[in-house]
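Notes follow once the structure below has been shown.
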Amino acid sequence: MISSMTGYGSGKSTYGTLEIAVELKSVNNRYLDVSVRLPRNLLFAEELVKSQVGGHISRGKVDVFVTLDASKADDVVISVNENLARAYTAALRAIADRCAVADDVTATAVGRMPEVFSVEKREVDREAVSAALTQAAELALEEFDAMRAREGEKLRADILSRIDALEEMVSYVEKRSPETVADYRARLEQRLREVLESVQVDEARLLTEAAVFADKIAVDEETVRLRSHFDQMRVMLQAGSPVGRKLDFLIQEFNRETNTIGSKCNDRDITRTVVDMKAEIEKIREQIQNIE
């Protein structure tokens, strides 16, 4: 199955009262580039997520976003610095005595003093959190792979249809090439008759010139190789991903053979066909850039 490098997926999992959400998206890239954005308390799991993503995609730029919803969590611990609270209380009462003011020291007033309370989060169970994160990531990757497979099937169908169109053009070039030699022979004979007027044209010389011209513009080797390349690309598209790099190399061969045909033939109709072939090849090349 052919897969596109472009996709999106999301998944969620829970760990106690915490909810972990994973979203990932990818775009084309020559190599695999995974970027993971995690909350600070989950930074320890970065390599775990990268490894998991690497098991599903071989190239592309993948951005992974992990969020942690702790709104329902009871993992906050509030501690009281009793020694500091007593010191604040004694100091406030001393001020009341020395300044002859009312002693209105309350727990609320002391609690407002700096560093009386400290708020901390309980340590998370890394193993349990990693398991929940892995589960959420796997759900996201399943959706991600499904989307890439759908896009890949569209790419495969489009490329195959363009290969069929290229084959029709190659057939036209193969049919037109001998006609080009016949046209050349007729034009050459006419010019010779005009130059020599009443003098008999040497038929052997005409045949020799036509043979030299036919050999010069022969594109049989190029069209045979192109058909072989077409078959090879069809096989690759059926084999499944990852074949993007191989297809990229093969499309260069398409271009090379087509350019050779264009340089050999000076026939107007064949030249037009070669231009159309190059346009189709470029469209295939653009599509291949999306294949893993």
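For residue 118, the criteria (1) outside any helix (DSSP H, G or I); (2) under 19 Å from the mean Cα position of the chain (by Cα) hold in every case but one, which is (2).
Among the residues in segment 223-234, are any part of a helix (DSSP H, G or I) and either in the same structural domain as residue 59 (by TED's automatic domain parsing) or modelled with pLDDT under 85 (or both)? Spell out the reasoning first.
Narrowing segment 223-234 to residues part of a helix (DSSP H, G or I): 223-234.
Now restrict to residues that are either in the same structural domain as residue 59 (by TED's automatic domain parsing) or modelled with pLDDT under 85 (or both): none.
No, that holds for no residue.
Within segment 55-87, the residues that satisfy the criterion of being of a type outside the set (Gly, Ala, Ser) and modelled with pLDDT under 85 are 69, 72, 74, 75, 76, 77, 78.
The values are calculated or read from the model by the stated rules, or taken from the named source; none is laboratory data. Note that the structure is a prediction, hence the values are computed from the model and not measured.
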